[in-house]
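Okay, so here's the structure we're looking at.
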Amino acid sequence: MVTEKDVEHIGELADIGIDTNELATFTGQFNAIVDYFDVLDRVRGDGTVSRDLYNILRDDEIEPSLPREEALRNAGAQEDGFIKAPRVM
Amino acid sequence: MAEHTIRFEPDDRYNAFLTVCPHPDHGKGDLSGIAVAVKDNISTLGIETTCASKILKGYVPPYDAHAVTLLKGAGAAIAGKTNMDEFGMGTSTENSAFGPTLNPRDTGRVPGGSSGGSAAAVAAGMVRMALGTDTGGSIRCPAAFCGIVGLKPTYGRVSRYGLIAYANSLETIGPMAANVSDVSLLMSIIAGHDRRDSTSYDRPYHHTPSTDVKGLRIGIPKEYFGAGVDPEIAATVRRAIGRLEELGATTVPCSIPSMEYALAAYYVICTSEASSNLARFDGVRYGPAADTKKSWHAAYQDVRKQGFGPEVRRRIMLGTFALSSGYYGKYYAKAQVARENVRKDFARLFTDVDVLCGPTMPTIAFKLGEKSDPLSMYLSDILTVPVNLAGIPAISVPCGKVQGMPVGLQIMGRPFEDERVVDAAYAYEQAVKA
């Protein structure tokens, strides 16, 4: 059973921004969906995967990348040629 | 490269396009001068790409997706960007932030989703072909609902470079068109290796469809004709399979026991991947600007609350929940075991049969607004998601009508045998045309 408090917590973790008037609807929908997910309790097997795959590594060669002005074009805020983000501290 | 331009001024009464390019350039090649529509989650240099989300309104990619580069190299004219469920999350194209697309066969019904705009643009004759993407059925469902052909290629065969990620272990770009030959032609252009996608295989597609299905062994999984599948659709699809038998194929009854939990596994995995992939949309590098004076949590929450629609927020939260400590083992880890079981079921069946056949969708296209409850919408994906969990190819080809609406025959094949499912679809299409 998922509670409104759980949904509020998940919303915080996901930075999704939930209003209190949305909590009841989301919680109801969550419970219906999570109830359905409980069919996974019936899954048997260890899921061991063996596919004879191996990593293919290449040399880390420096190649041309996006010019700075292109990379900045869609940024919301910028300063001195850098992307400006909200304050962290 | 570009030598000419065409005029593209479609009568888009179905809201199939989010962006129309009225005078696209084109070069020479197998698609010279052909207008191709591109789903709006595939990056196009200099053309706004929104994923039908307010959070990417105004975003203009500084590069082309690999598939778009290949289209341009073949001479195609990029005609515009098509409507979709926001970030691919939906089965009806009603989850677009820019209004739903209407089904050209009946404008009171949805075109299916999430590639509903691409399907409607083809079905209405606005373009000859289109690119879609398929994470859990998003090419095959709208192809079935709109009465066109759509191929979900083997995972790894078409580069995902420039496809804006939603659930990257499941999704692929693929071709949509009015007939199998055009789907095959478009596939031959977009398939092949790309070093910028680390899951890309070097398996190009050079194929001319053949109608020869003599000796083809077709498995008929009973789950595709069971509870939840409209009996009229089941009967229509059985008649289509009968047609393939008349052409020399043989049928074998079979079962996919893991179907019991495949849909739940799919939704746990796709929402988990979405919660990670969509973390990048925070208003810093693209999208509506975050308020840099606020703390980062507050700023991101503002941007994401206003920018994402309800289904996207729901899926991000579901995925965050499925991955959170205390629930990871119960949901995400179990879903991965279930996924492996689905893969093993297909592998076992494909030692005996060459392809599997069933309906693409359990119902005809629903009416606009009919599926307002999220879970009931999820349940309509039951017949398409197993293919994505296993990474195998599958095609949807029109096979008749129920209540005047198109029905899709789904043909699923072994990994990297996209050619075989194309041939089976072609054989059926040519037989009923004759």
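Throughout, read-outs are computed from the coordinates displayed, never taken from laboratory work. Not measured: the values here are computed from a predicted model. Neighbour counts are summed over all protein chains in view; Cβ atoms, including those assigned to glycine, are modelled from backbone coordinates with ideal geometry.
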Residues that are in a helix (DSSP H, G or I), crowded, with 19+ Cβ neighbours inside 10 Å and of a type in the set (Lys, Arg): does the stretch B:396-419 have at least one? no
For residue A:53, are the conditions met, namely being more than 9 Å from chain B (Cβ to nearest Cβ) and touching a residue at least 12 places away in the same chain (Cβ under 8 Å)? no
Looking at B:55, B:47 in this structure, which one is surrounded by fewer than 24 Cβ atoms within 10 Å (Cβ to Cβ), closer than 25 Å to residue B:288 by Cβ and of a type in the set (A, V, I, L, M)? B:47
Okay, helices (runs of 4 or more DSSP H) sitting entirely in the stretch B:241-344 with 3 or more residues that are touching a residue at least 12 places away in the same chain (Cβ under 8 Å), surrounded by 21 or more Cβ atoms within 10 Å (Cβ to Cβ) and more than 7 Å from every other protein chain (Cβ to nearest Cβ), I get B:259-277, B:310-323
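In the stretch A:58-89, what count of residues is obtained for those that are in a loop (DSSP other than H, G, I, E, B), within 27 Å of the chain's Cα centre (by Cα) and more than 7 Å from chain B (Cβ to nearest Cβ)? It would help to see each step written out before you state the result.
The initial filter retains those residues of the stretch A:58-89 that are in a loop (DSSP other than H, G, I, E, B), namely A:58-67, A:73-77, A:80-81, A:84-86, A:88-89.
Going one step further and asking which of them are within 27 Å of the chain's Cα centre (by Cα), we end up with A:65-66, A:73-77, A:84-86, A:88-89.
Subset that is more than 7 Å from chain B (Cβ to nearest Cβ): A:65, A:89.
Residues flagged as in a loop (DSSP other than H, G, I, E, B), within 27 Å of the chain's Cα centre (by Cα) and more than 7 Å from chain B (Cβ to nearest Cβ) within the stretch A:58-89 amount to 2.
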Residue ID - surrounded by the most Cβ atoms within 10 Å (Cβ to Cβ), chosen from residues in the stretch B:197-219 that are closer than 25 Å to residue B:171 by Cα and without any contact (Cβ under 8 Å) to a residue 60 or more places away in the chain: B:200
